[in-house]
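Novice: This is the structure I want to talk about, given as structure tokens.
The values are calculated or read from the model by the stated rules, or taken from the named source; none is laboratory data. These figures come from a predicted structure and were not determined experimentally. Because the Cβ atoms are built from the backbone with ideal geometry, glycine has one as well, and the counts that use them run over all protein chains shown.
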Amino acid sequence: MASRLRALALFIALLAAVYPVAGSGRAARAAPGELPLGWNNVAYFGVAGPPSEALSAIAGKYDVVYRWNAVLQQYELYAPELPAFANTLTQLRPGDVIWLNVTAPGAVLPTSQSSAGPLVGTVSIPASAFVPASDLALYEKSFNELYPVTTDPSSQRFYAPVFLPDGVVVTSMKAYFVATSGEVALRLDFTPLANGSAAAQVYKLAEVLSSAGPSPQTAPAYPHVVDNAANVYFLVVDLTGGPATRLRGVTISYSGGQAQ
């Protein structure tokens, strides 16, 4: 009896190998550029216009979009189901970095640029994105402002990650800050992915110094093609004056690269 059962099991296994069960194949792969369900932090490269028009290609597949406004130091919101007076995001522009909550499969952001066209845009980084370099740091942070509560060296340095499109060239950096005493020194840096803490392998792309001029201040960037496969990019700020030195929003502008 046992031998018959083993033979039957082997026969069924052979049938399954030759005639796969319908529907048992791998799940269909997402289309190129398709956004996963949930929150996505992405750059928009479609035609400029109101969100309802700019995102019409994915209507019904998202429920809310946010964009950080570095000038007003706050997030702007657009949700299709909200009344017009509740929506504060009125325009999307090519290069805008947005938070988009995708609710249905098949959401692919539109692009107005051909595969041969260059990208031009701006990335904004809020003060709330920065974290202290030291666990001993004493500081205050809100969505629009960061400052140390003491001039102790352990409370002076902060970092924030930067996400830039592959292949673009950073052209400038603009910083909003307060510096009634001490110095606000902000740098855009990059380092190879394999580097740990070797300072000699950290390279500066742009720098803003409060001693060089008032806020907002724009600094040109050194020529460099963004390569996310080889490097990581980040901001580092030193606030040496305690509460008298405060960082607010930062924007990074870029050009070049290729639309996807």
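Novice: Leu146 - would you say it is within 18 Å of Ala244 (Cα to Cα), assigned by TED's automatic domain parsing to the domain that holds Met173 and out of contact with any Lys or Arg (no Cβ under 9 Å at 6 or more places or on another chain)?
Specialist: So Leu146 does not fit the description; no.
Novice: Would you please list the contacts, defined by Cβ atoms under 7 Å and residues six or more apart or on different chains, that run from a residue in segment 138-152 that is closer than 18 Å to Tyr176 by Cα to a residue that is among the acidic types (Asp, Glu)?
Specialist: Tyr147/Glu140
Novice: Which strands (runs of 3 or more DSSP E) sit wholly inside segment 148-260 and have at least 3 residues that are surrounded by 14 or more Cβ atoms within 10 Å (Cβ to Cβ) and modelled with pLDDT under 95?
Specialist: In segment 148-260, the matching strands (runs of 3 or more DSSP E) lie at 168-179, 245-256.
Novice: Now for a separate question. Could you list all residues from segment 68-86 that are under 23 Å from Thr251 (Cβ atoms) and without any contact (Cβ under 8 Å) to a residue 40 or more places away in the chain?
Specialist: Hits for segment 68-86 are Leu72, Glu76, Leu77, Tyr78.
Novice: Now for a separate question. Looking only at segment 210-232, how many residues end up being of a type in the set (Phe, Trp, Tyr) and without any contact (Cβ under 8 Å) to a residue 12 or more places away in the chain?
Specialist: Total satisfying the criteria: 0.
Novice: So which pairs qualify, if the first residue must be in segment 182-209 and farther than 18 Å from Ser124 by Cα, the second must be among the acidic types (Asp, Glu), the Cβ gap must be under 6 Å, and the two must be at least 6 apart or on different chains?
Specialist: Val202/Asp189; Lys204/Asp189
Novice: Please pick out the residue among Ser52, Ser24 that is among the hydroxyl-bearing types (Ser, Thr, Tyr), modelled with pLDDT under 90 and outside the structural domain of Ile125 (by TED's automatic domain parsing).
Specialist: Exactly one of Ser52, Ser24 is among the hydroxyl-bearing types (Ser, Thr, Tyr), modelled with pLDDT under 90 and outside the structural domain of Ile125 (by TED's automatic domain parsing), namely Ser24.
Table: residues versus (1) surrounded by fewer than 13 Cβ atoms within 10 Å (Cβ to Cβ); (2) under 24 Å from Val162 (Cα atoms); (3) among the aliphatic types (A, V, I, L, M).
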site	(1), (2), (3)
Pro50	no, no, no
Tyr62	no, no, no
Asn87	no, no, no
Gly95	no, yes, no
Thr103	no, no, no
Thr111	no, yes, no
Ser128	no, yes, no
Val131	no, yes, yes
Ser142	yes, yes, no
